[in-house]
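To start, the structure itself, in C-alpha cells.
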Amino acid sequence: MHLLIKNGTLVTAADTFIADVEVEGEHIVRVGQDLQTPDDTRVIDATGKYVFPGGVDPHTHLDTPSQGTTTADDYLTGTIAAACGGTTSIVNFCFQQKGKGLNEVLDHFAARAVDKAAIDYGFHAMISDLTESVFDEISGLPSRGVTSIKLFMAYRGANMVDDRTIVRTLEASVDNGILVMVHAENGDAADLLQQQHLRAGKIAPKYHATSRPPRVEAEATARAAALAEVVNAPVYVVHVSCMEAVEEIQRARGRGVNIMGETCTHYLYFDERDLDRAGFEGAKYVYTPPPRNKHQPAYMWRAISNGSLRVVASDHCPFNFEGQKTLGAEDFTLIPNGAPGIEERLMFTYQGVNDGRLTLNRFVDLVSTTPAKIFGLYPRKGSIAIGSDADLVIWNPTAELTVTKPALHQNVDYTLYEGKQIVGLPETVTLRGQVIVENRQYVGTPGSGRFLARNSYVG
Ligand code: URP
Ligand code: ZN
Ligand code: ZN
C-alpha cells in the first residue's frame with residue numbers, strides 16, 4: 001500500500017523543510033519534492049501543516065495495580081487516547097509485586113496488551129524485591145527486548161528499594177546493556193513527614209506537597225547520581241519536578257556522570273495551589289513528586305528548553321476522581337498517586353512553541369526523538385527518515401481546542417487541563433503507514449499495535 005503526504009512542513013529534531021513523504025507498506029521510502037507515486041496511492045495534502053515523527057512516551061502506567069486499585073486506562077483505551085494525542089509508541093512500566101519474577105511480570109503485562117494496543121508498545125521491567133533469582137533474570141531481559149529497569153527510591157513499605165539494590169542493579173545494568181531508571185525521592189523522609197502530618201490532623205490533599213518537599217527529591221537525585229558514578233553506569237531520572245533536582249543533575253553531569261532527566265507535562269503547568277482547589281478537587285493533582293511552588297513551572301520550561309532535562313513524558317497514571325481518588329478523602333496518603341496525560345502531552349508541550357519557549361525542533365526532540373534514542377527505538381521511531389517506521393503526525397498549527405474531559409479519549413473522569421485553551425492539534429496520525437487517527441478521532445484497528453523489542457541504550 002502506498003501513502004503520500006504532500007507538501008507538509010516536515011519537522012525533525014534537527015531540521016524544518018517543506019517536502020513530500022512517500023510511504024510504502026510500513027516504512028518511509030522517499031522524502032523529496034513533487035514525488036510521483038502509483039495511481040492507487042492514498043494522498044494526504046499537508047499544505048500549511050507540520051509533519052512530526054510520532055510521539056514516543058517512555059513513561060506510562062496502563063492497566064497497572066497500585067495502592068489497592070488499578071489505573072483506569074487499559075491498553076485499549078490508553079493507547080487510543082495516546083494515538084489521538086499524536087503518540088505512536090509508549091513504554092509501559094511493569095510493576096514487580098514482591099514474590100514474582102521479572103519474566104512472570106512481563107508475561108502478565110504482555111498478555112494484557114496483546115489484541116488491545118492501538119499503537120506500538122514496549123516494557124520497562126521494575127524491581128522492588130531483588131532476590132537472587134530476580135537478579136539472575138536481569139541478564140536475560142535484553143533478549144526479550146526489555147532494556148530498561150525502574151527502581152523506586154520512594155514508597156517505603158511498598159516498592160522502595162535500598163541503596164545496595166540500586167548499586168547491584170546499576171552494576172548488572174552496565175554488564176547487560178540495560179538502562180536503570182529511578183524514581184528519585186527519599187522514601188524514608190517522605191514517609192516520616194507523612195506520618196507527622198497525619199498525627200497533626202493534616203489530612204487534606206495539599207499536604208501531599210508539604211510532606212515531600214523539593215529537597216526530598218533533590219537528595220535522592222544526588223544519591224542516584226553518586227551511586228551511578230561509583231559503578232560508572234548511566235542513569236535516567238523519571239519525572240523530575242523542581243529546580244533543586246535539576247541542579248543535582250547539572251552538578252553530576254558537570255563531573256562527568258551520565259545522568260539524564262525527564263520531566264512530565266504537568267510540571268510545566270501546575271503548582272501546589274492546585275492541590276488546594278475547592279472541595280476535594282485538589283486530589284486530582286496528587287501525583288508524585290507533587291506540584292511545586294508557583295515559580296517552578298517557569299523554571300521547568302527553561303530546563304527543557306536549555307537541555308538540562310531531555311525528555312517530556314506523560315507519567316500517565318490515571319485514576320478516576322469518583323471511587324479512586326476519593327479513597328483518600330480522610331487521609332491524603334491514601335489518594336492513589338498519579339494523573340492522566342497520555343493524550344495531552346504533545347498538545348501542551350507544543351504550547352511552549354506558541355509561547356516562544358521552545359523551537360519546533362526542540363519540541364520534536366523532547367517528545368519523540370530523544371526518548372526514542374534513549375530507549376533503544378531510534379531511528380525506527382522518533383525520526384522522519386528513509387527506512388524509519390511511517391509513524392507520522394500531521395499537525396494543524398492553527399486548530400484550536402478548549403480542553404475538556406469529553407474532548408479527550410482517556411477512560412478517566414477528569415483532565416488536569418479542564419478549560420484550558422490551546423492552539424495547535426494533531427489531526428491525522430499514521431502508525432507504520434496505516435492512518436489510525438483522522439480529525440482527532442481513532443479510525444484504526446485495536447490490536448494492531450505491536451510489541452517493541454528495544455535495543456540497548458547507547459550513549
Ligand atoms: O504519581 C505518580 N507518579 N504515579 C505513578 C507512579 C510513579 O511514581 O511513577
Ligand atoms: Zn515514579
Ligand atoms: Zn510513573
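The values are calculated or read from the model by the stated rules, or taken from the named source; none is laboratory data. Computed from a predicted structure; not experimentally measured. Here Cβ is always computed from backbone atoms with ideal geometry, including for glycine, and neighbour counts include all displayed protein chains. These accessible areas exclude ligands, DNA and RNA; they are computed on the full protein's heavy atoms, side chains included. Shrake-Rupley method; radii C 1.70, N 1.55, O 1.52, S 1.80 Å.
For the condition within 16 Å of ligand 2 (Cβ to nearest atom), more than 24 Å from Val443 (Cα to Cα) and open to solvent by 20 Å² or more (accessible area, probe 1.4 Å), what is the one hit in Gly140, Gly157?
Being within 16 Å of ligand 2 (Cβ to nearest atom), more than 24 Å from Val443 (Cα to Cα) and open to solvent by 20 Å² or more (accessible area, probe 1.4 Å) holds for just one of Gly140, Gly157, which is Gly157.
Consider Glu171 carefully, then state whether it is among the acidic types (Asp, Glu), under 26 Å from Thr263 (Cα atoms), buried (at least 24 other Cβ atoms within 10 Å of the Cβ) and modelled with pLDDT of 95 or more.
Judged against the criteria, Glu171 is not a match.
Return the residue satisfying two criteria in turn: it lies in the range 62-75 and is buried (at least 20 other Cβ atoms within 10 Å of the Cβ) and in contact with a Pro (Cβ under 8 Å, 6 or more places away or on another chain), and of such residues it is nearest to Ile342 (Cα to Cα).
Asp73
Any residue at all in the range 193-202 that's in the same structural domain as Pro297 (by TED's automatic domain parsing), open to solvent by less than 40 Å² (accessible area, probe 1.4 Å) and out of contact with any strand residue (DSSP E or B) (no Cβ under 9 Å at 6 or more places or on another chain)?
Checked the range 193-202: at least one residue is in the same structural domain as Pro297 (by TED's automatic domain parsing), open to solvent by less than 40 Å² (accessible area, probe 1.4 Å) and out of contact with any strand residue (DSSP E or B) (no Cβ under 9 Å at 6 or more places or on another chain).
Among Gly279, Gly261, which is open to solvent by 40 Å² or more (accessible area, probe 1.4 Å) and not in a helix (DSSP H, G or I)?
Answer to the check: Gly279.
Would you confirm, using the coordinates I've provided, whether Lys150 is among the basic types (Lys, Arg), under 30 Å from Ser388 (Cα atoms), crowded, with 17+ Cβ neighbours inside 10 Å and more than 16 Å from ligand 3 (Cβ to nearest atom)?
Taking the combined requirement at face value, the residue does not satisfy it.
Would you mind finding the one in Lys294, Lys284 that is without any contact (Cβ under 8 Å) to a residue 40 or more places away in the chain, in the same structural domain as Ala245 (by TED's automatic domain parsing) and among the basic types (Lys, Arg)?
Lys294
Which of (1) closer than 24 Å to Ser89 by Cβ; (2) more than 12 Å from ligand 1 (Cβ to nearest atom); (3) open to solvent by less than 30 Å² (accessible area, probe 1.4 Å) does Arg310 not meet, given it meets every other one?
It fails just one condition, (3).
Any idea which of Thr71, Thr87, Thr60, Thr79 is more than 24 Å from Arg380 (Cβ to Cβ), touching a residue at least 24 places away in the same chain (Cβ under 8 Å) and under 16 Å from the mean Cα position of the chain (by Cα)?
One residue alone meets the criteria, Thr71.
State all residues of the range 212-239 that are more than 23 Å from Ser456 (Cα to Cα), part of a loop (DSSP other than H, G, I, E, B) and more than 16 Å from ligand 2 (Cβ to nearest atom); if no residue qualifies, say none.
Within the range 212-239, Pro213 is the sole residue that qualifies.
Pick from Gly101, Gly48: which is open to solvent by 10 Å² or more (accessible area, probe 1.4 Å), more than 21 Å from Asp315 (Cβ to Cβ) and not assigned by TED's automatic domain parsing to the domain that holds Leu179?
Only one candidate qualifies: Gly48.
Given the criteria more than 16 Å from ligand 1 (Cβ to nearest atom), in contact with a helix residue (DSSP H, G or I) (Cβ under 7 Å, 6 or more places away or on another chain) and either more than 19 Å from Arg168 (Cβ to Cβ) or at pLDDT 95 or above (or both), does Ala111 qualify?
It is false that Ala111 is more than 16 Å from ligand 1 (Cβ to nearest atom), in contact with a helix residue (DSSP H, G or I) (Cβ under 7 Å, 6 or more places away or on another chain) and either more than 19 Å from Arg168 (Cβ to Cβ) or at pLDDT 95 or above (or both).
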